[in-house]
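Since the structure comes first, as structure tokens, the remarks are kept for the end.
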Amino acid sequence: MSSMLNDSTYNQEQSIRNLVKIHSLNQLLQQDNEQLLKHSFSISYFHSNIDRDKAEQLLKIKYINSICDGLFLLRNCSTSSYDFSLSLIHNNKIYHYKVQLIYDIYFSIDCGPQIAGIENLIRYYQEHADGLICCLSNEFVQGQPPPITLRSIGLTNTLHRACQQEYSIYQPNVNGKDSCGSTAIHHASYFGHDDILRLLIKAGCYLLARDINGATALHRAAAGNRPSTLLILIHEGLADYEERNYINYWVPLHEAAFYNSSVCIQVLLNCGASLRPRTDHGKTPLQIAEEVKSDESIIILRQYKTPSAKSSRLDWLHDQLNFDRIMAKQFMESIHNGPTNGMFLIRHSSTNSNNYALTLYYDNEFFNFEIVHLNETTYYIDDGPFFDSLEHLVDHYCRIPDGLPTILTCSVNKSKEIAQSRIQPFTTSYRNNQTKGKSILLDLVNFHERSYSTNIYRFEVENYLHHVDSNELCEYPKTSSNVQLVTVEMLHYYIFFFKS
């Protein structure tokens, strides 16, 4: 096999159709499977369904046979479905640390550095103790690789090539990342392959997946000047048009301004994107456009008039003197049935009379945020966008939390009357990966049924599907068994020659 299909040949940037002509489907499948197994072996420290006691038992057994301080394993957290637990042994004593999911694929241990990709977090602590009892060893209790959706990068496969070359393809593990951390939806969005994008959305891809630079599919579509792609992501994929890049805080509007994607700017603004979001250096899209001389974008951003706000300060503003955070807390606690999650009011700041303060109730706690009143048309919270008025600021945080612990759901006025938010909150774009993969795949085959050879491969696909559980098609692999790895990779090669 290796002599017939070596890595250098396989990894050439050639068309999918040429690969099929040179190599059989079985050869391509075997090569992908071998590369996946080889890549995954070095990070197979994840144990998905074990508790604390079982973890300690596994560590002690391996430690007795081969004493190695820092021997470890990673497992699911027993108290949170989003987090993980790191168990390690040192001087014959076992320690457990919570690995907290901060956002998307960013993880942290005990307020340590936030690191993108769980495999990179483990690699960091193999080089630095940084709060752990010792550095993690290069040895671990053999398990399976962490879910691919939690990793920073992966292996470039036929799906990624197909999306770049505008080939329609169905791949059960639609969230797999290539060597640059990009998923198939990143490639399809950047190149504007809308038909492929719709298939990926239908297959249940994760629209908030980030590449190695922190960009989502929306960022890539804006950078590629793909207005129709943006609309599909926003309206059909329900992606948030104000999603931040958590490395540089850019939103898609910044990308569009930088690349002078003027039509994309208009699309984003028409959808409701804030005009003045800020980067980690405090720059707005207009400032970015001016720096790179994106003339068309500059004109649009300067001339755009923000629509009127929907919220009313009569519902939430308490402008009486000496109404501080303590009085705000007591006032909200005194209303009938008490405060509910997302309830808020706005008052004057106790430290700066020119500013305001947002008092927000969430999860049995009261939070207070300074609202800076920079000038007559600029209000903001922390590193959030600039807004023309308090009302626009409230509208924004009623739609998305954007740094707050929750969205603003309702307010209480001076008469202790509760007013519900007038803004529709953003609905997350995360979709269940348990999609009916068989019907999706066959829909794709039906769509491209154009030749005798297509019919042959359609028969192969249908025959294969008779022996595969539909749940296995779209679910990321939970075991490292060869059977499931084959299931995840198998359909790469049945569809990729269908030209859209």
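Residue-level check: of (1) modelled with pLDDT under 95; (2) surrounded by fewer than 19 Cβ atoms within 10 Å (Cβ to Cβ); (3) within 20 Å of residue 281 (Cβ to Cβ), residue 214 misses just (2). When residue 239 is tested against (1) in contact (Cβ under 8 Å) with a residue 60 or more places away in the chain; (2) farther than 17 Å from residue 265 by Cα, exactly one condition is not met: (2).
Once the stretch 93-138 is narrowed to residues that are of a type in the set (Val, Ile, Thr) and part of a strand (DSSP E or B), the residue that is farthest from the chain's Cα centre (by Cα) is 94.
In the set 42, 78, 108, 137, which member is among the small types (Gly, Ala, Ser) and farther than 30 Å from residue 207 by Cβ?
137
Select from the stretch 248-271 the residues that are without any contact (Cβ under 8 Å) to a residue 40 or more places away in the chain and either under 20 Å from the mean Cα position of the chain (by Cα) or part of a loop (DSSP other than H, G, I, E, B) (or both) and list them in ascending order. 248, 250, 251, 252, 253, 254, 259, 260, 261 - these are the residues of the stretch 248-271 that are without any contact (Cβ under 8 Å) to a residue 40 or more places away in the chain and either under 20 Å from the mean Cα position of the chain (by Cα) or part of a loop (DSSP other than H, G, I, E, B) (or both).
A quick yes/no check of all residues on (1) in a loop (DSSP other than H, G, I, E, B); (2) aliphatic (A, V, I, L, M):
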position: 64; (1), (2): no, yes
position: 67; (1), (2): yes, yes
position: 72; (1), (2): no, no
position: 82; (1), (2): yes, no
position: 85; (1), (2): no, no
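Only a single criterion out of (1) touching a residue at least 40 places away in the same chain (Cβ under 8 Å); (2) in a helix (DSSP H, G or I) is not satisfied by residue 336, namely (2). When restricted to residues that are within 21 Å of residue 262 (Cβ to Cβ) and either part of a helix (DSSP H, G or I) or touching a Gly at 6+ places or on another chain (Cβ under 8 Å) (or both), the stretch 193-224 contains 9. Filtered by the rule that a residue be hydrophobic (A, V, I, L, M, F, W, C), under 18 Å from residue 416 (Cβ atoms) and touching a residue at least 40 places away in the same chain (Cβ under 8 Å), the stretch 293-323 gives 314, 316, 317.
The lone criterion from (1) under 15 Å from residue 218 (Cβ atoms); (2) of a type outside the set (Gly, Ala, Ser); (3) surrounded by 19 or more Cβ atoms within 10 Å (Cβ to Cβ) left unmet by residue 288 is number (1).
The values are calculated or read from the model by the stated rules, or taken from the named source; none is laboratory data. Just so you know, these numbers come straight off a predicted model, no measurement behind them. Cβ sites come from the backbone with ideal geometry, for glycine too, and all protein chains shown count toward neighbours.
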